[in-house]
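Since the structure comes first, as C-alpha coordinates, the remarks are kept for the end.
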Amino acid sequence: MNLLESVAQELQKMERGIAAGDGPAISDALRKLDEAARSGNRDLPPRLLHFLERRSYEKALLFLKEEGLAAGPESGSPGKGAV
(Lines give C-alpha, C1' and ligand atoms only; values in the text may rest on other atoms or scores of the structure.)
Protein backbone atom coordinates (compact mmCIF):
# COMPACT_ATOMS: atom_id res chain seq x y z
CA MET A 1 0.00 0.00 0.00
CA ASN A 2 1.40 3.40 -0.92
CA LEU A 3 1.24 6.51 1.27
CA LEU A 4 -1.71 7.98 -0.59
CA GLU A 5 -3.76 4.81 -0.12
CA SER A 6 -2.74 4.68 3.53
CA VAL A 7 -3.90 8.26 4.10
CA ALA A 8 -7.24 7.52 2.44
CA GLN A 9 -7.66 4.44 4.61
CA GLU A 10 -6.84 6.33 7.81
CA LEU A 11 -9.23 9.17 6.96
CA GLN A 12 -12.00 6.64 6.41
CA LYS A 13 -11.05 4.82 9.63
CA MET A 14 -11.27 8.11 11.53
CA GLU A 15 -14.63 8.89 9.95
CA ARG A 16 -15.99 5.49 11.02
CA GLY A 17 -14.51 5.96 14.50
CA ILE A 18 -16.24 9.31 14.90
CA ALA A 19 -19.55 7.85 13.78
CA ALA A 20 -19.16 4.97 16.25
CA GLY A 21 -17.74 7.06 19.10
CA ASP A 22 -14.60 4.90 19.09
CA GLY A 23 -11.96 7.08 20.76
CA PRO A 24 -9.03 4.65 20.35
CA ALA A 25 -9.70 4.27 16.61
CA ILE A 26 -9.86 8.04 16.22
CA SER A 27 -6.61 8.54 18.16
CA ASP A 28 -4.82 5.87 16.15
CA ALA A 29 -5.97 7.38 12.85
CA LEU A 30 -4.95 10.88 13.98
CA ARG A 31 -1.49 9.67 14.94
CA LYS A 32 -1.00 7.98 11.57
CA LEU A 33 -2.30 11.01 9.66
CA ASP A 34 0.11 13.29 11.55
CA GLU A 35 2.97 10.92 10.68
CA ALA A 36 1.94 10.95 7.02
CA ALA A 37 1.85 14.75 6.98
CA ARG A 38 5.35 14.92 8.46
CA SER A 39 6.90 12.30 6.20
CA GLY A 40 4.87 12.45 3.00
CA ASN A 41 5.66 15.82 1.54
CA ARG A 42 7.02 14.33 -1.70
CA ASP A 43 4.60 11.44 -2.00
CA LEU A 44 1.35 13.35 -1.49
CA PRO A 45 -0.37 15.92 -3.69
CA PRO A 46 0.39 19.43 -2.36
CA ARG A 47 -3.28 20.19 -1.75
CA LEU A 48 -3.77 17.01 0.28
CA LEU A 49 -0.62 17.73 2.29
CA HIS A 50 -1.96 21.23 3.00
CA PHE A 51 -5.19 19.74 4.39
CA LEU A 52 -3.33 17.18 6.51
CA GLU A 53 -0.90 19.73 7.94
CA ARG A 54 -3.81 21.92 8.99
CA ARG A 55 -5.86 18.94 10.23
CA SER A 56 -8.63 19.72 7.75
CA TYR A 57 -9.57 16.06 7.55
CA GLU A 58 -13.03 16.51 6.07
CA LYS A 59 -11.52 18.54 3.22
CA ALA A 60 -8.75 15.95 2.79
CA LEU A 61 -11.26 13.12 2.49
CA LEU A 62 -13.43 15.12 0.11
CA PHE A 63 -10.36 15.87 -2.03
CA LEU A 64 -9.50 12.16 -2.20
CA LYS A 65 -13.06 11.22 -3.11
CA GLU A 66 -13.19 13.90 -5.82
CA GLU A 67 -9.92 12.60 -7.23
CA GLY A 68 -11.25 9.02 -7.14
CA LEU A 69 -8.63 8.02 -4.59
CA ALA A 70 -10.98 7.15 -1.72
CA ALA A 71 -14.15 5.09 -1.70
CA GLY A 72 -17.43 6.89 -1.34
CA PRO A 73 -20.59 5.88 0.50
CA GLU A 74 -21.62 3.45 -2.23
CA SER A 75 -18.74 1.15 -1.32
CA GLY A 76 -19.76 0.86 2.30
CA SER A 77 -17.74 3.67 3.82
CA PRO A 78 -19.61 6.46 5.59
CA GLY A 79 -20.46 9.56 3.61
CA LYS A 80 -18.84 12.93 4.07
CA GLY A 81 -19.66 15.11 6.99
CA ALA A 82 -18.62 12.81 9.80
CA VAL A 83 -15.09 14.19 9.99
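In region 26-43, how many are within 14 Å of ALA8 (Cα to Cα) and at pLDDT below 90?
2
Looking at region 55-80 only, could you name the residues that are in a loop (DSSP other than H, G, I, E, B) and either farther than 15 Å from LEU4 by Cβ or at pLDDT 95 or above (or both)? Explain how you work it out, then say what you get.
Taking region 55-80 as the starting set, the residues that turn out to be in a loop (DSSP other than H, G, I, E, B) are 55-56, 67-72, 76-80.
Result: ARG55, SER56, GLY72, GLY76, SER77, PRO78, GLY79, LYS80.
Name the single residue that is nearest to ALA70 (Cα to Cα) among those in region 6-30 being of a type outside the set (Gly, Ala, Ser), part of a helix (DSSP H, G or I) and without any contact (Cβ under 8 Å) to a residue 60 or more places away in the chain.
GLN9
Which ones in region 31-47 are charged (D, E, K, R) and in a helix (DSSP H, G or I)? Walk me through how you get there before you give the answer.
Start the filter on region 31-47 by keeping residues that are charged (D, E, K, R), which leaves 31-32, 34-35, 38, 42-43, 47.
Matches in region 31-47: ARG31, LYS32, ASP34, GLU35, ARG38, ARG47.
Mind counting the residues in region 48-70 that are touching a helix residue (DSSP H, G or I) at 6+ places or on another chain (Cβ under 6 Å) and free of Cβ contacts under 8 Å to residues at least 24 places away in the same chain?
Residues that pass the stated criteria total 4.
Quick check: anything in region 31-46 buried (at least 19 other Cβ atoms within 10 Å of the Cβ) and either more than 20 Å from LEU69 (Cα to Cα) or in contact with a Gly (Cβ under 9 Å, 6 or more places away or on another chain) (or both)?
No, region 31-46 contains no residue that is buried (at least 19 other Cβ atoms within 10 Å of the Cβ) and either more than 20 Å from LEU69 (Cα to Cα) or in contact with a Gly (Cβ under 9 Å, 6 or more places away or on another chain) (or both).
The values are calculated or read from the model by the stated rules, or taken from the named source; none is laboratory data. Only a predicted model underlies this, so the values are computations on that prediction, with no experimental measurement involved. Here the Cβ is made from the backbone with ideal geometry for all residues, glycine too, and neighbour counts use every protein chain on show.
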